[in-house]
Amino acid sequence: MQKYTLVTAGGTFDHFHDGHLKLLNHAFKVSQKVAIGLTSDNFTQKKILKARPLIFIEPYSSRKKALQYYLAKYKLTNRAIIMKISDMFGPLNKTKKIQA
């Protein structure tokens, strides 16, 4: 049941996994369109991986390709906007159109 017109989900989406899948599936379930904030390489350099200190964070281009693959696989490309973010909020907190 879609009760929103536009919602947002954001993150690093590093090594795309089931948690990312569930988050995005839920966002698309409740909204017609989803703005996905994807952290820039510069932003991820500041991220500390305490749980996985020896594993690198994939480059932005790889993480974006994984998101695009997910969107294409589930036929959601026309319902998504991928936005590069360089801080905690990016441009997503500057619009009143986002409902959730």
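Of the residues making up the range 81-98, none is modelled with pLDDT of 95 or more, part of a helix (DSSP H, G or I) and farther than 21 Å from Thr44 by Cα.
Would you please name the residue that is nearest to the chain's Cα centre (by Cα), looking only at residues in the range 29-51 that are surrounded by fewer than 19 Cβ atoms within 10 Å (Cβ to Cβ) and modelled with pLDDT of 90 or more? Once the filter is applied, the top-ranked residue is Ser40. If you filter the range 1-15 down to residues that are open to solvent by less than 50 Å² (accessible area, probe 1.4 Å) and not in a strand (DSSP E or B), you find that the one that is farthest from Val34 (Cα to Cα) is Asp14. Within the range 52-67, one or more residues are modelled with pLDDT under 85 and among the charged types (D, E, K, R).
The values are calculated or read from the model by the stated rules, or taken from the named source; none is laboratory data. This one's a predicted model, so the numbers in the text were calculated from it and none came from an experiment. Cβ: placed from backbone, ideal geometry, glycine included. Neighbour counts: every protein chain shown. Surface accessibility is based on the protein's heavy atoms, side chains included, excluding ligands, DNA and RNA. Shrake-Rupley method; radii C 1.70, N 1.55, O 1.52, S 1.80 Å.
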